[in-house]
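These notes are about the structure you will find just below.
Quick note: the coordinates plus some simple rules give every number you see, no bench work behind them. These figures come from a predicted structure and were not determined experimentally. Don't worry about glycine lacking a Cβ; one is built from the backbone with ideal geometry, like all the others, and counts go over all protein chains shown.
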Amino acid sequence: LIVMGIETSCDDTSAAIVTSDRKILSEVVRGQQDLHQPMGGIVPTLASLAHSRNMPGVICDALDQAGLTVQDLDAIAVTRGPGLPPCLPVGLNAAKTLAAVHKKPLIGVHHMEAHALTARLTTPLVTGDPWPEFPFMTLLISGGHTLLLSANSLGDYDTLGTTQDNAVGEAIDKTARLLGLKWLPGRRGGPGAALEAAALKGDPERFLGRLPMPMLQRNKSVIGFSFSGLKSSVMRLVEAEEVNTEKDMCDVAAAFQLTCIRHLEQKLHLALDLEVNQRHKPLTCLVVSGGVASNALFRTRLEAVAGMYGLPLICPPPQLCTDNGAMIAWTGVERLRAGLLDDYTITTLPRWPIEDLKDKQN
Ligand code: ATP
Ligand code: FE
């Protein structure tokens, strides 16, 4: 099977073509960093206009790179939600029109299911090596979500924990901005990649005591996350004029990053304590994905936690942790194989709890 995936939920216009035997035939991403950086954050209406401008070219490039025409495709998959309300319709309308004109099946994809399933596209099937077979646990750390899920089967996810306020990626972006970190030219990931680079040069110990771990007292045993207090602690340091030199910036970045990781680790422990012993069908692995999972320290530290429970950690390669069309195309492959198709009349779902996917199975 050959499926095209189209993604316009946030600020990347992307189209990709993948096959059911896990080959990525093409992958085209047109980012909008230069557009949004001067505004200090993503402006949804500007993002939507940029998607409209870029969408046709991105689709043509994805077909050209793969050496295919629309006729060769078995289905067209597209992000339906969750995502920015003005952005989602650009991809969806393009996909619907392509599918309707060429009489191809249309598959509406949940963006977070796609982040979770990417590892099933990118992990080679090697006998004896770990592979993300259901059921697995997945921690999705991205710009809009911090979601700990039990992935039971295709379209069947239970939320074990979510954030009470900011997503971890959102807190990282705002902190990078507060610290005045420069985005790395030519590297995707924007402020997140800049924070990782600064943290690498910094000494985490110096400011660690000033950045208290979230949910340590009252909500110690709750499986959930909170990042806005941490972000405010950084703001207080900046306001107190304690962050002046390059070294100060890097030290704060390192302390902030380490506290984020420790918070995730602590809550992951709680969930694994509960899940590993109580399941009748054992978990196969921990999958960590979403943009923040492209950060090397998050990966190594979370791998160590999973290892304590005998679970391998599986992550997509960093460039496929952030938004991309390949993850949408792959989710399309999985859904096409399961016969889960949609009508040409579907609309976007900017807010779409992942549990609601279960309804479609019935
Ligand atoms: P969602 O998937 O929740 O809808 P999104 O699609 O905007 O949100 P992604 O593209 O999955 O999010 O991830 C973007 C986030 O990942 C941003 O917050 C960005 O700062 C963060 N990020 C990217 N690279 C890194 C990195 N190297 N270290 C830390 N964070 C990073
Ligand atoms: Fe995403």
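Using the Cα gyration tensor of the range 228-301, with a ≥ b ≥ c the square roots of its eigenvalues, what is the shape: rounded (a/c below 1.5), prolate (a/b larger than b/c) or oblate (neither)?
Because a/c hits 1.5 or more and a/b exceeds b/c, the range 228-301 counts as prolate.
Compute from the Cα atoms of the range 209-259 the Rg and the Dmax, the latter being the longest Cα-Cα distance, and quote both in angstrom.
12.3, 38
Got a sec? How would S142, S20 order by Cβ neighbour count within 10 Å, fewest to most?
S20, S142
Charges only on Cβ, +1 for Lys and Arg, -1 for Asp and Glu: so what's the dipole of the range 146-285 about the Cα centre, in debye to the nearest 20?
100 debye
Please give the charge dipole size of the range 278-338, origin at the Cα centre, charges +1 on K and R Cβ atoms and -1 on D and E Cβ atoms. Round to the nearest 20 debye.
Charge dipole of the range 278-338: 220 debye, to the nearest 20.
With 24 Å as the cut-off, how large is the P(r) tail for the range 53-193, expressed as percent of Cα-Cα pairs?
Summing the P(r) of the range 53-193 above 24 Å gives 50 percent of all pairs.
With springs only between Cα atoms under 10 Å apart, run a GNM on the chain and tell me which of G169, G41, G128 wobbles the most.
For the chain, modelled as a Gaussian network with Cα springs under 10 Å, the answer is G128.
Along the charge dipole of the chain, Cβ charges K/R +1 and D/E -1, which of G192, F136, T118 sits furthest on the positive end?
F136
Between the range 104-172 and the range 313-357, what is the C-alpha centre distance in whole Å?
Here the two parts' Cα centres lie 10 Å apart.
Please label the shape of the range 10-125 as rounded, prolate or oblate, based on the square roots a ≥ b ≥ c of the eigenvalues of the alpha-carbon gyration tensor (a/c under 1.5 means rounded; beyond that, a/b larger than b/c means prolate, else oblate).
Since a/c reaches 1.5 and a/b is larger than b/c, the shape of the range 10-125 is classed as prolate.
How far is helix 296-308 tilted, in degrees, relative to the longest principal axis of the Cα atoms in the chain, given as a value from 0 to 90 rounded to the nearest 10?
In the chain, helix 296-308 runs at an angle near 90 degrees to the longest axis.
Kindly put T118, T69 in sequence by how many other C-beta atoms sit within 10 Å of each C-beta, fewest to most.
Working: T118 27, T69 10.
Ranked by crowding around the Cβ, least crowded first: T69, T118.
Starting with the fewest neighbours, write out S233, S294 ranked by other beta-carbon atoms found within 10 Å of each beta-carbon.
Lowest to highest Cβ neighbour count: S233, S294.
For the range 1-63, what is Rg from Cα atoms divided by 2.2 N^0.38 Å, rounded to two decimals?
For the range 1-63, the normalised Cα radius of gyration is 1.24.
Looking at the range 1-109, which trypsin sites (Lys or Arg not before Pro) are DSSP coil and have at most 10 other C-beta atoms within 10 Å of their C-beta?
Working: sites: R22, K23, R30, R53, R80, K96, K103; in loops: R22, K23, K103.
Within the range 1-109, the qualifying trypsin sites (Lys or Arg not before Pro) (loop, at most 10 other Cβ atoms within 10 Å) are K103.
Using every Cα-Cα pair within the chain, state what percent have a distance larger than 31 Å. Numbers along the way, then the final one.
Details: 22094 of 65341 pairs.
Within the chain, distances greater than 31 Å cover 34 percent of Cα pairs.
Let me check against my output: what whole-number percent is the relative contact order of the chain, with C-alpha pairs under 8 Å and at least 6 apart?
25 percent
Rounded if a/c is under 1.5, else prolate if a/b is larger than b/c, else oblate: which is the range 186-330, with a ≥ b ≥ c the root eigenvalues of its Cα gyration tensor?
It is oblate, given that a/c is not under 1.5 and a/b is not larger than b/c.
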